[in-house]
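As structure tokens, the structure follows; a few thoughts come after it.
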Amino acid sequence: MKTVSTSRWAFQAPVVVAFCVLPGILSARALDLDAVLAKMDQSAASFHAAQADFTWTYVNSVVNDTIEQTGKIAIERSGGEIKMFAEIDPPEAEQVLFSGGKIQIYRQKLGTIDVYDASNHHDEVESFLGLGFGSSGAEIRRSFEANFAGEEKVGDVNTAKLELTPKAENIRNHFPQIVLWIDLERGIAVQQKLIEKNQSYRLAKYSNIRPKISDRAFRLKTSGKVTTTTH
């Protein structure tokens, strides 16, 4: 079975990296990297699942092109395992499911499901997913060189900006820097940016964040005749 590359998967679901659910309000007077990561440690102990609406924007600086997608995403952490489901609105009308070490991509217009074995990239995939969904400050320190870049307004939301440099060379080769914007009032990440070496980037914005309540959120919703291909 052929494995799917991290960069290809990251384009399909650019991470998913944006929920960082943190309890309480971060104090602006004591706001620094240690304070933000400490809140993440507290949150990780109780985080189970979340879902949200998203806008994903890919800006290709080489050819000066922009692709924007909207939809809904859900993620669950249980027993050290992570599940993720993203549903992209028309005209793409695609669904992406990560579960059990596999990535499945359903393209409604084509009536196809492509299945990829992600087992050889398990740590890489989960580092992207876990980064934003209930990951601890300790996990961030272990996987990234982290820098608190001050406070910044995202729309009408006051946020703390974290700049992350992956320690793993294979991830750093794809994304030398990842940026998170943590909502200071609600304690959640409302925006995330994955920056490539050529300065192209993937920007994810999340809204209407709420708890996930049904396991049915992690199932492909197919219709009509579907052809499944395992790569």
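The values are calculated or read from the model by the stated rules, or taken from the named source; none is laboratory data. Only a predicted model underlies this, so the values are computations on that prediction, with no experimental measurement involved. Note: ideal-geometry Cβ built from the backbone for every residue, glycine included; neighbour counts use all protein chains shown.
Quick grid of which residues meet (1) exposed (fewer than 14 other Cβ atoms within 10 Å of the Cβ); (2) within 25 Å of S143 (Cα to Cα); (3) without any contact (Cβ under 8 Å) to a residue 12 or more places away in the chain; (4) out of contact with any strand residue (DSSP E or B) (no Cβ under 9 Å at 6 or more places or on another chain):
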site: P176; (1), (2), (3), (4): no, yes, no, no
site: V179; (1), (2), (3), (4): no, yes, no, no
site: I182; (1), (2), (3), (4): no, yes, no, no
site: R202; (1), (2), (3), (4): no, yes, no, no
site: P211; (1), (2), (3), (4): yes, no, no, no
site: K221; (1), (2), (3), (4): yes, no, no, no
site: K225; (1), (2), (3), (4): yes, no, no, yes
site: T229; (1), (2), (3), (4): yes, no, no, no
Checklist entry - What do you reckon, is R172 surrounded by 15 or more Cβ atoms within 10 Å (Cβ to Cβ), among the basic types (K, R) and either over 23 Å from A74 (Cβ atoms) or at pLDDT 90 or above (or both)? => result yes
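Select from segment 187-200 the residues that are in contact (Cβ under 8 Å) with a residue 24 or more places away in the chain and either surrounded by 11 or more Cβ atoms within 10 Å (Cβ to Cβ) or under 24 Å from D117 (Cα atoms) (or both) and list them in ascending order.
Passing the criteria: G187, I188, A189, V190, Q191, Q192, L194, K197, Q199, S200.
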Next on the checklist: I want to confirm something. Restricting to segment 119-159 and keeping residues that are under 15 Å from I182 (Cα atoms) and aromatic (F, W, Y), which single residue is modelled with the lowest pLDDT?
Outcome noted: F133
Checklist outcome for this item: When (1) closer than 19 Å to F128 by Cα; (2) touching a Phe, Trp or Tyr at 6+ places or on another chain (Cβ under 7 Å); (3) surrounded by fewer than 16 Cβ atoms within 10 Å (Cβ to Cβ) are applied to M84, the one that fails is (3)
Item to check | Single residue of A189, A168, A204 found to be of a type in the set (A, V, I, L, M) and touching a Pro at 6+ places or on another chain (Cβ under 9 Å) | outcome: A204
Next on the checklist: Out of everything in segment 89-109 that is more than 16 Å from the chain's Cα centre (by Cα) and small (G, A, S), what residue ends up being modelled with the highest pLDDT?
Outcome noted: A93
Checklist entry - In the set L131, L97, which member is in a strand (DSSP E or B) and touching a residue at least 12 places away in the same chain (Cβ under 8 Å)? => result L97
Next on the checklist: Out of everything in segment 38-56 that is surrounded by 17 or more Cβ atoms within 10 Å (Cβ to Cβ) and touching a Phe, Trp or Tyr at 6+ places or on another chain (Cβ under 9 Å), what residue ends up being nearest to I195 (Cα to Cα)?
Outcome noted: F54
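Looking at segment 147-185, which of its residues are among the basic types (K, R) and under 24 Å from N60 (Cα atoms)? Before the answer, list the steps.
As a first pass, look at segment 147-185 and keep what is among the basic types (K, R): 153, 161, 167, 172.
Within segment 147-185, K161, R172 qualify.
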